[in-house]
Amino acid sequence: MARLVLGVAGGIAAYKAVALCSTLVQRGDDVDVVMTDGAQRFIGALTFAALTHRPVLTSLWDAPETIPHIALARSAEAMLLVPATANVIAKLALGIADDLLLNIALATRRPIVIAPAMNAAMYDHPATQGHLRTLAERGVAIVAPETGFLAEREVGVGRLAAPEAILAALDAVLGRTSSLRGQRVLVTAGPTREPIDPVRFLSNASTGTMGIEIAREAHARGARVDLVLGPTLVAPPPGVRCVRVTTAQEMFDAAIALAPGADVAIATAAVSDFRPVVAHAHKVKKDAAPASLELERTPDILATLGERKLVKFLVGFAAETRDLEAYALEKLRSKQLDAIAVNDVSVEGTGFGTGENTLVVLARDGTRTDLGRAPKAELAIRFWDALARARVASTEAPL
Ligand SMILES: Cc1cc2nc3c(=O)[nH]c(=O)nc-3n(C[C@H](O)[C@H](O)[C@H](O)COP(=O)(O)O)c2cc1C
């Protein structure tokens, strides 16, 4: 049971905030609903007042003697913004405070969870994406919208996340899910770059997002998280200790150094298997370029972690385009993993550089858990749930 502020902004999905509010009340949370002027055009304050048995707050100016924005900012244990419009997201990122909801968001020192919902073009706009990155860097928990049918009668990203995902994010910030408390988790993520010369390299399309979300969720569940992150523009989650690396060798060195004593290691990084034998010190001129590039194997991080038994539970990732599970099972055995997560990077709209993924977790004891297709943040939640079961099965030691 928690004291919450539920901020509702002016988007079509405002009606879904009603069902969410009802769920919060049913679980015993005390909810103060704050609506923007825009929100009141979509849905009546009366509905929320009836559900919460409390007045709905809509204006900064109604009861100045109580200084409502400061009172609410202090009393609430967390603030939820559902739906978060493009407008509210931009204003939050810039620190604009021209209504009650934005004043509370600026004044609170408690966690904020936002669930964006809008037209796909508005969501994809660099301004919105930039503001979301700013908010994520400040520690705001963002529940990514889903891809689906939008009010504009088209399919795209921008539909409000499922209530379970919003509640899971809320529970995570409230520290209700503490299944990894006291544990140390090591995550590798992102691509590596293998230099040919100072301006050219071999790499791949990974952005590290899946691993970053897995690190974020492990932190939310109370773990101490070390993230070894290859070159990417995606920001590491707040609260996670991040070591930035560039080459496979650097990733190997960092991961092997951090592994001893870790309870779980999740190797999501798309490590280059090969590197040029020669990395030229100066840029190779066009007319001096060799006709072929001689390559050598890079050190195998996962196999080394497995061989040396450096961590208690080792999980690999396999990104494949065919015969997924057969390849993955072979990798599970040959690298002595405890579990492996498989994603089909050939499915349109999922995998490298996209907001969504499909994942299947195969454990050493033969269990197979299909996590389905979902935004990567949501998959990270399902991933840790699946892993908790696999770890119990493998060690009989409950988390
Ligand atoms: C029919 C209609 C639907 C809208 N749906 C959304 C939406 O889903 N998401 C969004 O960000 N803005 C949406 N807007 C635009 C916002 O209502 C507008 O930006 C408004 O200024 C938001 O105010 P607020 O953020 O203070 O609530 C919609 C506007 C209309 C007229």
Within segment 19-28, does at least one residue satisfy the condition of being within 16 Å of the ligand (Cβ to nearest atom), crowded, with 24+ Cβ neighbours inside 10 Å and over 18 Å from R110 (Cβ atoms)? no
Across segment 141-182, which residue is surrounded by the most Cβ atoms within 10 Å (Cβ to Cβ) among those that are assigned to a strand (DSSP E or B) and in contact (Cβ under 8 Å) with a residue 12 or more places away in the chain? G158
Output the residue which, of all residues in segment 15-63 that are within 19 Å of A162 (Cα to Cα) and β-branched (V, I, T), is modelled with the lowest pLDDT. V25
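Yes or no, residue by residue, for (1) more than 14 Å from the ligand (Cβ to nearest atom); (2) more than 22 Å from the chain's Cα centre (by Cα); (3) assigned to a strand (DSSP E or B):
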| position | (1), (2), (3) |
| --- | --- |
| V31 | yes, yes, yes |
| R41 | no, yes, no |
| F48 | yes, yes, no |
| V113 | yes, no, yes |
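The values are calculated or read from the model by the stated rules, or taken from the named source; none is laboratory data. Just so it is clear, the model here is predicted, and its values are computed rather than measured. Note: ideal-geometry Cβ built from the backbone for every residue, glycine included; neighbour counts use all protein chains shown.
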